[in-house]
1. Out of the residues in the stretch 1-28 that are touching a residue at least 60 places away in the same chain (Cβ under 8 Å) and not basic (K, R), which is nearest to D69 (Cα to Cα)?
2. Does the stretch 8-18 hold any residues that are open to solvent by 50 Å² or more (accessible area, probe 1.4 Å) and modelled with pLDDT of 95 or more, and which are they?
3. Look through P67, P50, P21 and report the one residue that is within 18 Å of G119 (Cα to Cα) and either out of contact with any Gly (no Cβ under 6 Å at 6 or more places or on another chain) or modelled with pLDDT under 95 (or both).
4. Starting from the stretch 113-125, take each residue that is of a type outside the set (F, W, Y) and list its partners that are at pLDDT below 80 and surrounded by fewer than 19 Cβ atoms within 10 Å (Cβ to Cβ), counting only C-beta distances under 6 angstrom and pairs at least six apart or across chains.
5. Return only the number of the condition from (1) touching a strand residue (DSSP E or B) at 6+ places or on another chain (Cβ under 9 Å); (2) not in a helix (DSSP H, G or I) that I32 does not satisfy.
6. I want to confirm something. Restricting to the stretch 104-119 and keeping residues that are within 15 Å of Q70 (Cβ to Cβ) and within 15 Å of the chain's Cα centre (by Cα), which single residue is surrounded by the most Cβ atoms within 10 Å (Cβ to Cβ)?
7. Can you name the residue in the stretch 38-47 that is crowded, with 17+ Cβ neighbours inside 10 Å and out of contact with any Gly (no Cβ under 7 Å at 6 or more places or on another chain) and is also modelled with the lowest pLDDT among such residues?
Amino acid sequence: MTLAFYCVNGIDILGGIEKLPEDERKGLVEWIWDQQISGPNGESGFRPGPSTSFGTEGSEAYKTTNPYDQPHLIMTYTALIMLAVFRDDMSRLNRKGLTTFLKSLQLDDGSFTPVPGWGESDVRLLYCAFVISKLLDDWSGVDVNKALAFIRKCRVRHHYLFGAIQFLTS
């Protein structure tokens, strides 16, 4: 998903999205949508790519998660940005599942993990959650006050900048 994100955005920056053949644009959009999966607790997001699935493309197993095939916050961010670049109407987006997903990622300190229950947590992931909420125009999946408190804790006083986490230099 990330490699596709950089390729699509590079093509867009160069003004080439509209120059791609229609079938290629549609194929890329369909590939992105094929990576949308639902987790065991109603959460929904996008996986890194089809290689983490235990099922074959088009099967029910392909659309369900396993311990190694979970919705991922950064991949969800990159998928939604690409869909916006392609001017997709996002009518296939499981919005309720996505807000449930965001809620499952936020920790007590206000930061976010990439997948429910484990992984690093820093301001990059919080940024992804904020962008997703802005794109959806729905902030119900984020405790904004906790998130802002986390950001304030990441401020490096002597630099007047921010580190990735509290007590980390900028």
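1. Going through the qualifying residues, I end up with M1.
2. Passing the criteria: I11, D12, I13, L14.
3. Unique residue meeting the criteria: P67.
4. Final answer for the pair search is T113/G119; D122/A164; D122/I165; V123/A164.
5. I32 satisfies all of (1) touching a strand residue (DSSP E or B) at 6+ places or on another chain (Cβ under 9 Å); (2) not in a helix (DSSP H, G or I) except (2).
6. In this case the residue turns out to be L105.
7. Looking at residues that are crowded, with 17+ Cβ neighbours inside 10 Å and out of contact with any Gly (no Cβ under 7 Å at 6 or more places or on another chain), I get G39.
Conditions tested, residue by residue: (1) farther than 19 Å from T2 by Cα; (2) of a type in the set (A, V, I, L, M, F, W, C).
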residue	(1), (2)
T78	no, no
L83	no, yes
D89	yes, no
T99	yes, no
S121	no, no
L136	yes, yes
G141	yes, no
L148	yes, yes
K153	yes, no
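The values are calculated or read from the model by the stated rules, or taken from the named source; none is laboratory data. In this text, all values refer to a predicted model and were calculated from it rather than measured experimentally. Backbone-built Cβ (ideal geometry, glycine too); neighbour counts: all protein chains shown. Ligands, DNA and RNA are stripped out before the accessible areas are found, and what is left, the full protein with its side chains, is counted by its heavy atoms. Shrake-Rupley method; radii C 1.70, N 1.55, O 1.52, S 1.80 Å.
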